[in-house]
């Protein structure tokens, strides 16, 4: 109950403080991509239920129909500004500020045994796993087989970190993760 109240207050405060940046980025990404600047995608949420995550669009199609990350999109991804609209998901109760990052179908919803406990948690904007793998795209880019590396190395490690969070989560622990997230690139 305290966690949900905190999520509501934190997300409202964040939306007030960065709402202008979300709107400005939405306008710029709409122009940059020629589509709605918001990217909506189904993700696996608490108890394995699907919800629609809100992000800023970072990929556009060129004249030949090929998709690529635009320069603006790369900046938004690198700075994590593309994630800011997810405060709306937090406010709506689909997500929490701290919790396992919501994944695409085929990953968290396929967990078995004790690992399924991760699905009892509301997905979050940040976690120890997301901090550890803040540069996941970069890590995968250097692999001969990125999908295999993700499936055999990164994803199992994320599950392990998220399961550890499941057992050890506290309000103070969440505050530490939020602080690390806010100051991550400065530390």
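Observations on the structure shown:
- Any hit, segment 89-99, residues being within 16 Å of the chain's Cα centre (by Cα) and free of Cβ contacts under 8 Å to residues at least 40 places away in the same chain: yes
- For residue 139, the requirement of being free of Cβ contacts under 8 Å to residues at least 24 places away in the same chain, touching a helix residue (DSSP H, G or I) at 6+ places or on another chain (Cβ under 9 Å) and surrounded by 15 or more Cβ atoms within 10 Å (Cβ to Cβ) is met.
- When residue 21 is tested against the conditions (1) in contact (Cβ under 8 Å) with a residue 60 or more places away in the chain; (2) out of contact with any strand residue (DSSP E or B) (no Cβ under 7 Å at 6 or more places or on another chain); (3) within 25 Å of residue 166 (Cα to Cα), the lone failure is (3).
- Single unsatisfied condition, residue 117 versus (1) exposed (fewer than 15 other Cβ atoms within 10 Å of the Cβ); (2) more than 17 Å from the chain's Cα centre (by Cα); (3) free of Cβ contacts under 8 Å to residues at least 40 places away in the same chain: (3)
- Qualifying residue in segment 62-70 (condition: modelled with pLDDT of 95 or more, over 26 Å from residue 135 (Cβ atoms) and not in a strand (DSSP E or B)): no
- Residues of segment 96-120 that turn out to be in contact with a strand residue (DSSP E or B) (Cβ under 6 Å, 6 or more places away or on another chain) and modelled with pLDDT of 90 or more, as a count: 5
The values are calculated or read from the model by the stated rules, or taken from the named source; none is laboratory data. All of these numbers come straight from a predicted model, not from anything done at the bench. Here the Cβ is made from the backbone with ideal geometry for all residues, glycine too, and neighbour counts use every protein chain on show.
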